[in-house]
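Participant: My questions all concern the structure below.
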Amino acid sequence: MTGTLFFTVLIIAIAMILLCVKVIFLKNGSFSSQHVKDNEALRKKGIHCVIDQDREAREKRKLEI
């Protein structure tokens, strides 16, 4: 039981360190935004945030009525 707990904690610690490499080792390092509206490649393809898509659909519907 203790061995399994130690192994689990070790795996979680390694995963956290690997996820934080950019933040720990780079000066002014930070996590990049994962939001759709902040991704330039998706904006070029015309892909929007679901909130923006909903707003556009509601405005379009108002204009049609």
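The values are calculated or read from the model by the stated rules, or taken from the named source; none is laboratory data. On a predicted model such as this, the values are computed, not experimentally measured, just so you know. Counting neighbours? That spans all protein chains shown, and the Cβs are built from the backbone with ideal geometry, glycine included. Calculation scope for accessible area: heavy atoms of the full protein, side chains included, ligands and nucleic acids excluded. Shrake-Rupley method; radii C 1.70, N 1.55, O 1.52, S 1.80 Å.
Participant: Which pairs turn up if I take residues in the range 26-38 that are within 19 Å of Cys49 (Cβ to Cβ) and look for partners that are open to solvent by less than 80 Å² (accessible area, probe 1.4 Å) and in a loop (DSSP other than H, G, I, E, B) with beta carbon separation below 6 Å, at least 6 apart in sequence or on another chain?
Facilitator: Val36/Cys49; Lys37/Cys49
Participant: Taking Leu10, is it surrounded by fewer than 10 Cβ atoms within 10 Å (Cβ to Cβ), in a helix (DSSP H, G or I) and not hydroxyl-bearing (Ser, Thr, Tyr)?
Facilitator: Numbers: surrounded by fewer than 10 Cβ atoms within 10 Å (Cβ to Cβ): no; in a helix (DSSP H, G or I): yes; not hydroxyl-bearing (Ser, Thr, Tyr): yes.
No; evaluated as a whole, the condition is false for this residue.
Participant: Being of a type in the set (D, E, K, R) and either modelled with pLDDT of 90 or more or part of a loop (DSSP other than H, G, I, E, B) (or both) narrows it down to one residue among Lys62, Lys27; which is it? Let's see the steps before the verdict.
Facilitator: Working: Lys62 fails: either modelled with pLDDT of 90 or more or part of a loop (DSSP other than H, G, I, E, B) (or both).
When all the criteria are applied, what remains is Lys27.
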